[in-house]
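We did not get these values from a lab; they are worked out from the coordinates using the rules stated. Quick caveat, the model's predicted, so the values are computed rather than measured. Glycine gets a Cβ as well: all are built from the backbone with ideal geometry, and neighbour counts include every protein chain shown.
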Amino acid sequence: MLNPNYNAEKELEFSSPMLLWTGTADKNVNPEQTRSFYNALRKYRKPVIALFYKDELHSLQGKEQRNDLTVKMVEWFDYFLRDGKVVLWINKENIAR
């Protein structure tokens, strides 16, 4: 299996913010790969946030978790593509630049 860290250095050319998410019980993609990729991108000071949904699988099963992800994705696009309004979970402390 390809380690995401091998490609992180190649990602130096991108500057668009990246939103990652995974379920901690995902059997298709090991959640540690998402965590490793997140950490590698942070190391190279790329704008990234990772969301980890406790006990969720590859596709989120819980209604609360699905709603949370949907709201956060809409807020993410609004924040970065529209007016940049303040969103509590998206802030300068969460995004390395």
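Here are a few things to note about the model shown:
- A simple spin-label model places pseudo-atoms 7 Å from Cα toward Cβ; at L57 and K43 they are separated by 3.3 nm.
- Computed FRET value (nearest 0.05) for E32 with M73, which takes r as the C-beta separation and R₀ as 22 Å: 0.45
- Peptide ranges 34-47, 55-68, 14-27 listed from the most packed, as the mean C-beta count within 10 angstrom indicates: 34-47, 14-27, 55-68
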